[in-house]
Every structure is written in C-alpha cells, then in structure tokens.
Amino acid sequence: MSATTWLGGERIEVAVCTSTNDLALERARAGAPHGTVVIADAQTAGRGRLGRTWASPPGRSLYLSAIVRAALPLARLAPLTLAVGVGACDAVRGEGVTAAALKWPNDLVVAGRKLGGILCEGAGDAAVVVGIGVNLNGSSGELPPEVAARATTIADELGRWVERAAFTDRLLAELEPWIDRFLAGGVPAIAAPWEARMAAELRLRVDRVGPAGQPVTGVALGLDRDGALRLRDDDGVVHRVHAGEITIV
Ligand code: BT5
C-alpha cells in the first residue's frame with residue numbers, strides 16, 4: 001500500500017464531536033490545507049443526506065472527513081461522491097470484504113446491507129468536505145434497531161477485529177488517486193470503475209422518478225455521462241435518476 005501525497009498530511013483526531021463534517025467545515029473556513037483529515041471516536045450528531053442520522057457509537061467505527069481544496073460547483077458534489085465511493089470500496093475489499101459493492105449514489109453495501117456511507121458538502125467557494133462513515137467493529141445488532149436490520153460491519157463480515165488506524169491509512173491511500181482523477185477528468189474518469197464495483201444484482205426502488213413522479217422499481221444499469229443513475233424498470237424502460245430516495249427491495 002503506497003502512502004499518500006496530500007491526503008491526511010494533517011490529521012486532527014478528537015474523542016467526540018457533533019459531526020466530523022462540522023469540524024472539517026469549520027477548519028476549511030479557517031484555512032486548513034488541502035487534504036486535512038478529521039477523525040472522531042464518536043459523533044453526537046453524525047448525519048447523512050436530507051437530514052438523516054448516521055449512527056455513530058463510540059470507539060468501534062470510522063468517522064472521517066477530509067478537506068479537498070477545489071472549486072467545485074454544487075452540481076459536481078454528487079459525482080465527487082461517486083469517485084470517493086470507488087476508493088472506499090477498494091479499501092474495504094482490501095481489508096478482506098471482497099463482496100463489498102457500491103449502491104448509487106453514496107452507499108457501500110455487502111449483500112444489500114449498508115457498511116458505509118459518504119456525505120460531501122461544500123465549504124465555501126474553493127473547498128469541499130468529504131465525509132465517510134464505515135462500520136468497523138462490533139456487530140450491526142448493536143446499532144440502533146431502525147438501522148441494525150439493514151446494516152453490517154467489517155467485523156460481522158470477517159469475524160475479526162479491524163484496527164482503525166491501519167484501516168484509515170488504507171482508506172486514505174485508496175481515496176487519493178480517485179479524488180485526483182475526478183478533479184482532473186470529471187465523471188468520464190471514474191464512471192467505468194464505479195460501474196465495475198456497482199451492486200448490479202440489487203433490485204432498487206426509487207421515489208419520484210416516473211413521468212408522473214411515481215416510484216419505479218428496477219435494476220441499475222450504470223451511470224450516465226453526468227453521474228446520474230440509469231435504472232431499467234420491469235417493463236424494460238430506462239430511467240435517469242438524479243435524486244430521490246433509493247431503497248433496496
Ligand atoms: C449516508 O447518508 O449514508 C452518509 C453517511 C455519512 C456519514 C459520515 S461519518 C463522517 C461524516 N460526518 C458526518 O456527520 N457524516 C459523515 P444517507 O444515504 O442519507 O443514509 C443515512 C441512512 O443510513 C440512515 O437513515 C439509516 O437508515 C442508515 N444508517 C445510519 N447509520 C448507519 C450505520 N452506522 N450503518 C449503516 N446504516 C446506517
């Protein structure tokens with residue numbers, strides 16, 4: 001595993017915070033350099049997209065946010081998430097969870113159960129924060145009941161303890177080149193690798209995608225040129241999905 005050039009050069013580790021994304025956003029606005037990484041043992045208000053919560057119990061998982069100094073318009077945050085997913089997927093596979101795969105737009109899954117998630121947020125004109133949560137140790141059964149049934153941990157998958165520091169180094173080393181490739185080449189630079197790691201066997205239900213805003217159920221075919229998901233429904237019609245609640249059926 002090679003070391004990184006810029007990612008994680010500066011690391012801020014705290015026992016507890018509301019959200020590592022909050023801390024990273026604050027540091028980004030205060031001028032922290034490209035690649036600064038924030039890691040917490042626990043988050044009291046870990047978050048996902050659309051106001052959802054990321055369960056963040058202490059001492060057993062990875063909660064990490066990285067500052068990327070790049071002027072990315074809002075529309076490019078979603079595809080950046082895809083690039084980050086490729087690196088995160090490879091890190092988890094490298095740890096031994098070879099069945100890990102990507103579910104559009106920001107989930108890391110194993111056989112339909114969620115192992116990790118990504119949340120990218122803008123931090124002013126010239127920086128973004130990339131937040132990643134990966135369930136490492138303990139059993140998914142110890143997560144809050146509303147999450148447990150659809151979650152997994154690396155320890156659940158491998159039957160052994162995962163050392164957070166070593167996994168963090170692995171993750172940063174895998175992430176850096178994919179972020180660089182995306183910043184240089186956009187979606188075309190990461191689309192095929194993303195598709196190669198896509199959980200293609202899952203049946204997905206997407207809210208508000210049909211012509212009348214109705215839910216559609218189908219299978220993922222891959223990415224469009226702008227990073228939208230192409231989903232084929234049961235009648236063979238292909239939909240472009242830009243947003244919406246995506247659930248595994
Ligand atoms: C995500 O949102 O998957 C993005 C999660 C990003 C978390 C990281 S941790 C470091 C950084 N700091 C933060 O505050 N956030 C980032 P979304 O697609 O909206 O999924 C959220 C949903 O995942 C929840 O509504 C639950 O159903 C489920 N969930 C919550 N906690 C989970 C966990 N620990 N493991 C598996 N699933 C979980």
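The values are calculated or read from the model by the stated rules, or taken from the named source; none is laboratory data. These numbers were taken from a predicted model, which means no experiment stands behind them. Here the Cβ is made from the backbone with ideal geometry for all residues, glycine too, and neighbour counts use every protein chain on show. Accessible surface areas use protein heavy atoms only, side chains included; no ligands, DNA or RNA. Shrake-Rupley method; radii C 1.70, N 1.55, O 1.52, S 1.80 Å.
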Evaluate the following for GLY218: is it of a type in the set (Gly, Ala, Ser), at pLDDT 95 or above and either farther than 13 Å from PRO105 by Cβ or open to solvent by 30 Å² or more (accessible area, probe 1.4 Å) (or both)? yes
Which pairs turn up if I take residues in the range 123-142 that are farther than 17 Å from GLY59 by Cα and look for partners that are of a type in the set (Val, Ile, Thr) and open to solvent by 10 Å² or more (accessible area, probe 1.4 Å) with beta carbon separation below 9 Å, at least 6 apart in sequence or on another chain? VAL130/THR81; VAL130/ILE118; GLY131/ILE118
Does the range 28-45 include one or more residues that are at pLDDT 95 or above, of a type in the set (Ser, Thr, Tyr), within 18 Å of the chain's Cα centre (by Cα) and open to solvent by 10 Å² or more (accessible area, probe 1.4 Å)? no
Among (1) more than 9 Å from the ligand (Cβ to nearest atom); (2) in the same structural domain as PRO177 (by TED's automatic domain parsing); (3) open to solvent by 30 Å² or more (accessible area, probe 1.4 Å), VAL86 falls short only on (3)
When residues of the range 1-49 are filtered for being among the β-branched types (Val, Ile, Thr) and touching a residue at least 40 places away in the same chain (Cβ under 8 Å), how many remain? 6
Tell me yes or no: at least one residue of the range 227-240 is under 23 Å from LEU7 (Cβ atoms) and either free of Cβ contacts under 8 Å to residues at least 24 places away in the same chain or crowded, with 18+ Cβ neighbours inside 10 Å (or both). yes
Could you please let me know if LEU23 is part of a helix (DSSP H, G or I), open to solvent by less than 70 Å² (accessible area, probe 1.4 Å) and either under 11 Å from VAL129 (Cα atoms) or of a type in the set (Phe, Trp, Tyr) (or both)? yes
Note on the range 40-65: residues outside any loop (DSSP other than H, G, I, E, B) and near the ligand (Cβ under 10 Å from one of its atoms) are ALA40, GLN43, ARG47, THR53, SER61, LEU62, TYR63, LEU64, SER65
When residues of the range 166-206 are limited to those that are open to solvent by 40 Å² or more (accessible area, probe 1.4 Å) and among the acidic types (Asp, Glu), the one farthest from ILE132 (Cα to Cα): GLU201
Can you confirm whether the range 154-165 contains a residue that is free of Cβ contacts under 8 Å to residues at least 40 places away in the same chain, touching a Gly at 6+ places or on another chain (Cβ under 9 Å) and outside any helix (DSSP H, G or I)? yes
Name the residue, out of ASP233, ASP180, ASP156, ASP169, that is assigned by TED's automatic domain parsing to the domain that holds GLY141 and in contact with a Ser or Thr (Cβ under 8 Å, 6 or more places away or on another chain). ASP156
Filter result for LEU119 (outside the structural domain of GLY222 (by TED's automatic domain parsing) and either open to solvent by 10 Å² or more (accessible area, probe 1.4 Å) or charged (D, E, K, R) (or both)): yes
Give the residue, chosen from ARG60, ARG93, ARG69, ARG76, that is over 18 Å from TRP194 (Cβ atoms) and open to solvent by 40 Å² or more (accessible area, probe 1.4 Å). ARG69
Of (1) at pLDDT 95 or above; (2) out of contact with any Lys or Arg (no Cβ under 7 Å at 6 or more places or on another chain); (3) assigned to a helix (DSSP H, G or I), GLY94 satisfies all except one. Which? (2)
